[in-house]
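The values are calculated or read from the model by the stated rules, or taken from the named source; none is laboratory data. Given the structure is predicted, the values throughout are model-derived calculations rather than measurements. When we count neighbours, we look across all protein chains shown, and the Cβ atoms used for this are built from the backbone with ideal geometry, even at glycine.
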Amino acid sequence: MNQENIQRLGIVVSGSLNKGVEVRLDSSASVEDMVVGRYVTIEGQKRRFFGMITDVSLGVIDQKLTLTPPDVSNPFIAEVIAGTATYGTLHILPMLTISGDVASLIEGPQPVKTVPSHFSTVNLASDRDIELVFGKEDKERFWIGNPLDMETKLCLSMEKLVERSSGVFGKSGTGKTFFTRQLLIGTLQKGKAANLIFDMNSEYGWESTSEQGRNVKALKQLFPSRVAVFTLDEESSRRRRVSTDFVVRIGYDEIEPEDMVLLRQTLNLTEPAVEAVYQIYRRFGRNWLQEASELKDPDQIKELLKELGIHESTYQNLQRGLATIRRLPFLLPHSPDNAVSCVLDYLDRGINVVLEFGRYKDVASYVLVANLLTRRIYAQYQKRTEKAMAEDTVKPQPLVITIEEAHKFLNPEVASQTIFGTIAREMRKYNVTLLVIDQRPSGIDEEVMSQIGTKIAFLLDNERDIDSVLAGVSGKGELKSVLAKLASKQQALIFGHAVPMPVAFQPREYGSAESYKHFIPSAETEIEKQAEKDIEELWG
Amino acid sequence: MSTDEVQRVGEVVEASTTDFVAQCYELYQTPPLGSLVKTMDLTVELYGIVYNATTTSIEPGRRPIARGRDEASDDEIYRSNPQLLKLLRSEFSALVVGHRQGDILYRYLPPKPARIHSFVYLCSTEEVKEFSQSFDFLNMLINTHLPVSTDELVAACLRKMSQAYEDRHAFLVAAGKEQAILLGGEFNQLKSILGRIRQ
């Protein structure tokens, strides 16, 4: 290792595995350079430890110093007492270890089970250490940003990321959308999964504007051949000059009672009204919505209600709700083409689908469409995976479904009923995972939150939100202080399944012409990929 | 090292394990407070730090009397009474802080005290530099009960040693840090020493 690059910080003086270790800073290291969230290495006698600074504090050797402070205006006295009579201490949470033997070198870093011995040296992690822990940018790993105050590239294994559901959380305006765009580009670039993105605010498919008023390119512009933009609102897409691939229209006959359950709150339906939907469905079958809206004759209605045992007021309540749905312009009595099969068709070809909602940003449309499409797509995936398992063939390519405003689908009241709740819980079994984006993680069902593998948290300042994001993570108290101290923009903490240890980082730049170049695979690699594919096809 | 290169300042007249007293050949020619001096005891070279200096009558019972009533200046007194230079003597005391045996320098007490009549030399710049490579001797200075205030002695010693260095500031900062650790619980003493060595 290059000795010059190592910056010594101090020595371990006390600590415990649960609470982390205390490190006394050397006089040469300024306490003001130490930042919470920075990454350090501890050279124990038998193994090396990797950890993160979670607190910085000041100490004095003699309490008299605090009562009669020395004359620090004299540089000599200030210099002498710095690091001797007065000193800084760091609180470090060790997270990974690597022991000296060959086996562990191959296995890579392991979670800590002990603490470094007394007076072990603590150094600032070098670029090489970061690389050792998080890996290099390669075929599998995608460069997502830099650890705070470091130049090193922080890489994330996309394969691991899509194995489990993941979540991006943070207050509004902290950079969730920008970062999510990068994550999606990552999965696209590394080709590890197909994406289906429910793009509520039309930000992922075609260009949008940054807070500085700059136009920012999105997926379709960067990967024109691998992204398809579907739209619910053709007019809005056309106005924004988005080249859309498909206009989604949904037929009444495609709506099932399960879709109504989710809309209960939005449409203000009563519990019996939802029950009534099931009864009507049993009576009329797939065309229930059409049939129910065509019922005009009061006698006929009365007879039907009597037959089904539905109360009059319940029926009124239901009709009001159905009227709201029928007013949605993308719903037609009969849809000319099947949106679900079209989405699946694109996904099968490895093309990622972005569904723009255009003007239909109201909760009813979003929840209805997202739930409806996902349920059917998930069913297809389930069928295929089971078939693949039975026949011992290749499982379908992993699918990542991106949803914004996730708490609308995953709040404790509906999480057990929506398909998203099911996906989050059953997860990778059928190769479908979620990428949830939300600003109020506390609104998401606890059970679902606990199943989210990788979490990326931008600044959150509500106590309940922080608690819900960090629920069940070891070293929660320490991470909490890191999370609360993140800058209000473009800084995040990533932890969970896809990363060996939590790390605070700054997402890489996105939006300049220069940045796009790095995201788009160069022509050379494209050719290489094509060649590989050709060879594969040739030899089967 | 030949003795010609280093300045001879006196001769040991009283010795104990922890310190020795030397008489100067010339009246008033005592080395400055805090200087590093050395003396030989056959194979062992003893290092000491000057902590006290006195000028007294050679006979303990006879105190000098005032003689300057008719003289214009105090120098005139010595010119008119040349015998005075022989009736008075200057002595200095040094605290033993280390010794050299063979080529190795030890910063702790030697096995035996200095011999009477051994010559005492002022250490050269190189020797001062070599000796002050480690601040172990500071502990001895601080922990010994002497007629002079420890703070004064430590400060004088460091001021003197720092003259051997081109970068005096760096030396004093390093020494200061060492004391800050030694005097962990004695912040007031530390403050007083630092106040005396700051430039």
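From the list A:L161, A:L196, A:L188, which one is closer than 24 Å to A:G358 by Cα and part of a helix (DSSP H, G or I)?
A:L188
Looking at B:L122, is it crowded, with 19+ Cβ neighbours inside 10 Å, away from chain A (no Cβ under 14 Å) and of a type outside the set (V, I, T)? Before the answer, list the steps.
Working: crowded, with 19+ Cβ neighbours inside 10 Å: no; away from chain A (no Cβ under 14 Å): yes; of a type outside the set (V, I, T): yes.
Answer is no for this residue.
Conditions: (1) buried (at least 16 other Cβ atoms within 10 Å of the Cβ); (2) within 30 Å of A:S208 (Cβ to Cβ); (3) not assigned by TED's automatic domain parsing to the domain that holds A:V216. A:F230 meets all but one. Number of the miss?
Condition not satisfied by A:F230: (3).
For A:S293, only one of the following conditions fails: (1) surrounded by fewer than 16 Cβ atoms within 10 Å (Cβ to Cβ); (2) under 39 Å from the mean Cα position of the chain (by Cα); (3) part of a helix (DSSP H, G or I); (4) of a type in the set (S, T, Y). What is its number?
Evaluating A:S293 over (1) surrounded by fewer than 16 Cβ atoms within 10 Å (Cβ to Cβ); (2) under 39 Å from the mean Cα position of the chain (by Cα); (3) part of a helix (DSSP H, G or I); (4) of a type in the set (S, T, Y) leaves (2) as the failure.
How many of the residues making up region A:213-245 are farther than 16 Å from A:N195 by Cα, not in a helix (DSSP H, G or I) and not small (G, A, S)?
10
List every residue pair whose Cβ atoms lie under 9 Å apart, where the two residues are 6 or more positions apart in sequence or sit on different chains, the first residue falls within region B:56-70 and is at pLDDT below 90, and the second residue, located anywhere, is in a loop (DSSP other than H, G, I, E, B).
Correct list of pairs: B:R67/B:N81.
Could you list, in sequence order, all residues of region B:54-73 that are farther than 21 Å from B:P31 by Cα and surrounded by 10 or more Cβ atoms within 10 Å (Cβ to Cβ)?
B:R62, B:P64, B:R67, B:G68, B:E71
Count, please, the residues in region B:1-53 that happen to be surrounded by fewer than 19 Cβ atoms within 10 Å (Cβ to Cβ) and not in a strand (DSSP E or B).
Going through region B:1-53 one residue at a time, the tally reaches 17.
Within region A:61-75, track down each residue that is touching a helix residue (DSSP H, G or I) at 6+ places or on another chain (Cβ under 7 Å) and at the interface with chain B (Cβ under 9 Å from one of its Cβ atoms). First the steps, then the outcome.
Step one: filter region A:61-75 for residues touching a helix residue (DSSP H, G or I) at 6+ places or on another chain (Cβ under 7 Å), giving A:62, A:64-65, A:70-72.
Residues satisfying the conditions are A:D62, A:K64, A:L65, A:P70, A:D71.
Is it true that A:T324 is within 23 Å of A:Q417 (Cβ to Cβ), in contact (Cβ under 8 Å) with a residue 24 or more places away in the chain and assigned to a loop (DSSP other than H, G, I, E, B)?
No, not satisfied.
Taking strands (runs of 3 or more DSSP E) that do not extend beyond region A:19-64, which have at least 3 residues that are over 23 Å from A:V499 (Cα atoms)?
Because the criterion is at least 3 residues that are over 23 Å from A:V499 (Cα atoms), the strands (runs of 3 or more DSSP E) in region A:19-64 that meet it are A:20-25, A:47-60.
Checking A:L344 against (1) part of a helix (DSSP H, G or I); (2) among the aliphatic types (A, V, I, L, M); (3) in contact (Cβ under 8 Å) with a residue 60 or more places away in the chain; (4) under 30 Å from A:F223 (Cβ atoms), which single condition isn't satisfied?
(3)
Among residues belonging to region B:173-189 that are within 7 Å of chain A (Cβ to nearest Cβ) and buried (at least 18 other Cβ atoms within 10 Å of the Cβ), point out the one that is nearest to A:P75 (Cα to Cα).
B:V173
If I ask for residues that are out of contact with any helix residue (DSSP H, G or I) (no Cβ under 8 Å at 6 or more places or on another chain) and farther than 20 Å from A:L219 by Cβ, which ones from region A:154-207 would you list?
A:S157, A:K160, A:K171, A:S172, A:G173, A:T174
Conditions: (1) among the aliphatic types (A, V, I, L, M); (2) more than 12 Å from chain A (Cβ to nearest Cβ); (3) crowded, with 19+ Cβ neighbours inside 10 Å. B:I116 meets all but one. Number of the miss?
Status for B:I116: all satisfied but (3).
Within region B:62-116, count every residue that is in a strand (DSSP E or B) and of a type outside the set (A, V, I, L, M).
Of the residues in region B:62-116, 10 are in a strand (DSSP E or B) and of a type outside the set (A, V, I, L, M).
Taking the stated definitions as given, is A:A82 more than 11 Å from chain B (Cβ to nearest Cβ), crowded, with 20+ Cβ neighbours inside 10 Å and in contact with a helix residue (DSSP H, G or I) (Cβ under 9 Å, 6 or more places away or on another chain)?
So A:A82 does not fit the description; no.
Can you tell which of B:F137, B:F131 is surrounded by 15 or more Cβ atoms within 10 Å (Cβ to Cβ), within 23 Å of B:L109 (Cβ to Cβ), in contact with a Lys or Arg (Cβ under 7 Å, 6 or more places away or on another chain) and in contact (Cβ under 8 Å) with a residue 12 or more places away in the chain?
When all the criteria are applied, what remains is B:F137.
Answer yes if at least one residue in region A:87-107 is surrounded by 12 or more Cβ atoms within 10 Å (Cβ to Cβ), assigned to a loop (DSSP other than H, G, I, E, B) and of a type outside the set (K, R), and no otherwise.
Scanning region A:87-107, I find no residue that is surrounded by 12 or more Cβ atoms within 10 Å (Cβ to Cβ), assigned to a loop (DSSP other than H, G, I, E, B) and of a type outside the set (K, R), so the answer is no.
Go through the residues of region B:146-156 one by one and say whether even a single one is surrounded by 19 or more Cβ atoms within 10 Å (Cβ to Cβ) and within 14 Å of another protein chain (Cβ to nearest Cβ).
Yes: region B:146-156 contains one or more residues that are surrounded by 19 or more Cβ atoms within 10 Å (Cβ to Cβ) and within 14 Å of another protein chain (Cβ to nearest Cβ).
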